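The values are calculated or read from the model by the stated rules, or taken from the named source; none is laboratory data. Computed from a predicted model, the values in this text were never measured in an experiment. Ideal geometry is used to build each Cβ from the backbone, glycine not excepted, and the neighbour counts take in all protein chains shown. The accessibility values were calculated without ligands, DNA or RNA, using every heavy atom of the protein model including side chains. Shrake-Rupley method; radii C 1.70, N 1.55, O 1.52, S 1.80 Å.
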Amino acid sequence: MCVGIVTVRIFANGDIQEVEWIRPYLSAPAVVIAANGGSRHLLLLDHPPDVLIGDLDSLPQEAQAWRELDSVTVFVYPHDKNETDLELALLHAAAHYEEDIQIFGALGGRLDQTLANIMLLAHPALVDRRVELLTENQRAWLLTEQAEISGEVGDLVSLVPIAGDVLVQKTTGLRWPLYDEVLSVGPALGISNEMTQPIATISIASGTLLCIHTRRDWDR
């Protein structure tokens, strides 16, 4: 995947075991947004954000100096608020930038926050925007129409309905093809399909799927 295509990158305060895999994403032109404690990942990469946003209650001490840099725009919100810090970062990105968005550090840690971060992909402010959650070996995004997935033979593709039944019109390039198949919330029918070609396609007639692409070497 060409990391230069997506130019808004948001760092949340979830778990990232090792950060070096992220460095190539930061070497390409990008707007980098740290959502409060997500700045700790950027500290490890020695890369100040362009935007620092949130209530800043989880801002590492080492990152306090970023608040004084002319190159960093800071938005401080009260601790008592309706939005999470990641939600504030996404709303800021949606309002100020037209580019697609990648989110790092959205997963791991507390289960409630992980689920909330995944559900943010369906935020009304992000309609018609490509927003991806990234880990070292996985990426996840929402599908509502057609999609083409580039990877390697043996990669896993999981299709998870998140808002009711989804009618999958057709898939290609997967070991277990779907033709006019309904995926419902609950059953795990769409989990752990395998790519049989470098490109897989998915066509959706109705509904919304969470698509999760996992590299075949994810557990090595």
Leading residue by the ranking (nearest to Glu99 (Cα to Cα)) among those in the stretch 8-23 that are in a helix (DSSP H, G or I) and open to solvent by 70 Å² or more (accessible area, probe 1.4 Å): Arg23
Unmet criterion (only one of (1) over 28 Å from Leu86 (Cα atoms); (2) surrounded by 15 or more Cβ atoms within 10 Å (Cβ to Cβ); (3) at pLDDT 95 or above) for Glu181: (3)
Any hit, the stretch 155-178, residues being open to solvent by 60 Å² or more (accessible area, probe 1.4 Å) and either under 13 Å from the mean Cα position of the chain (by Cα) or within 23 Å of Val19 (Cβ to Cβ) (or both): no
Matching entry among Arg129, Arg40, Arg67 (being charged (D, E, K, R), touching a strand residue (DSSP E or B) at 6+ places or on another chain (Cβ under 9 Å) and at pLDDT 90 or above): Arg40
Search result, residues across the stretch 87-101 that are out of contact with any Lys or Arg (no Cβ under 6 Å at 6 or more places or on another chain) and either in a loop (DSSP other than H, G, I, E, B) or touching a residue at least 40 places away in the same chain (Cβ under 8 Å) (or both): Leu88, Ala89, Leu90, His92, Ala93, Tyr97, Glu98, Glu99, Ile101
Residue in the stretch 159-178 that is in contact (Cβ under 8 Å) with a residue 12 or more places away in the chain, in contact with a Gly (Cβ under 8 Å, 6 or more places away or on another chain) and basic (Lys, Arg) present: no
Trp176 in a strand (DSSP E or B) and at negative phi: no
Evaluation of Gly37 against (1) without any contact (Cβ under 8 Å) to a residue 12 or more places away in the chain; (2) over 30 Å from Gly151 (Cβ atoms) (one fails), failing number: (1)
Hits in the stretch 54-86 - residues which are more than 12 Å from Ser39 (Cβ to Cβ), part of a helix (DSSP H, G or I) and charged (D, E, K, R): Glu68
Odd one out for Asp112 among (1) assigned to a helix (DSSP H, G or I); (2) in contact (Cβ under 8 Å) with a residue 24 or more places away in the chain: (2)
All positions within the stretch 189-220 that are within 27 Å of Gln102 (Cβ to Cβ), among the aliphatic types (A, V, I, L, M) and open to solvent by 70 Å² or more (accessible area, probe 1.4 Å): Ile191, Ile199
Unmet criterion (only one of (1) closer than 23 Å to Tyr25 by Cβ; (2) touching a Leu at 6+ places or on another chain (Cβ under 6 Å); (3) without any contact (Cβ under 8 Å) to a residue 40 or more places away in the chain) for Ser192: (1)
